[in-house]
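What follows is one structure encoded as structure tokens, with my remarks underneath.
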Amino acid sequence: MTRFGGATVAEAMLHAPKLLDHTATVTQVRELFRDDHVHVALVVAGAVLVSVVEWPDLTGLPGGMPAWRAGRLTGRVVGPEADLLATWQAMRGRRRRLAVVDGDGGLLGLLCLKRSGLGFCSDADVAARARSQEKHARDTAVQAGKTDL
């Protein structure tokens, strides 16, 4: 696929991914994963990424454990200047999410491969999904007679 040729990871990353503070617990990550569109938990201390946690990382861990201890950075991060085509080729069939970090470990965004594997999620995609979820919640509340929303 050549449509990514010449582009960088920074051009395709999500700019405002969901974050968890470094004090978050395994239970809080499990709660975050209840949203079927969330596939990684980005755990930060201030602006610095300290861990990327995936669902399998949580297997058998106690709920009160600090979430950052469950994940890792190795193999789960990429720099913003990385070639998008090469990154896409490396991700296909292996990993759908990579945290984008600067040279000091500062979190810049999230590179999110679409389920089809043929493109990357965009900020506009995420915003549209959020609007759709909000509308569904409002419609459900109205149908249940909770019209004060």
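The values are calculated or read from the model by the stated rules, or taken from the named source; none is laboratory data. Here the structure is a predicted model, which is why all the values come from computation and not from measurement. So basically every Cβ, Gly included, is an ideal-geometry build from the backbone, and we count neighbours across all protein chains shown. Keep in mind that these areas ignore ligands, DNA and RNA; they rest on the heavy atoms of the full protein, side chains included. Shrake-Rupley method; radii C 1.70, N 1.55, O 1.52, S 1.80 Å.
The figures follow:
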quantity	calculated
Of residues in the stretch 1-11 being at pLDDT 85 or above and not charged (D, E, K, R), the one farthest from residue 126 (Cα to Cα)	6
All positions within the stretch 20-64 that are among the acidic types (Asp, Glu), part of a strand (DSSP E or B) and under 12 Å from the mean Cα position of the chain (by Cα)	54
Scan of the stretch 96-127 for residues that are among the aliphatic types (A, V, I, L, M) and either in contact (Cβ under 8 Å) with a residue 12 or more places away in the chain or surrounded by 15 or more Cβ atoms within 10 Å (Cβ to Cβ) (or both), ordered by number	98, 99, 100, 101, 107, 108, 110, 111, 113, 118, 126
Pairs where the first residue, in the stretch 24-46, is free of Cβ contacts under 8 Å to residues at least 40 places away in the same chain and the second is of a type in the set (Lys, Arg) and open to solvent by 40 Å² or more (accessible area, probe 1.4 Å), C-beta under 8 Å, 6+ apart	32/18; 38/18; 41/18
Condition met for residue 83 (at pLDDT 95 or above, open to solvent by 50 Å² or more (accessible area, probe 1.4 Å) and of a type in the set (D, E, K, R))	yes
Whichever residue in the stretch 12-52 is at pLDDT below 95 and among the acidic types (Asp, Glu) and, among such residues, is surrounded by the fewest Cβ atoms within 10 Å (Cβ to Cβ)	36
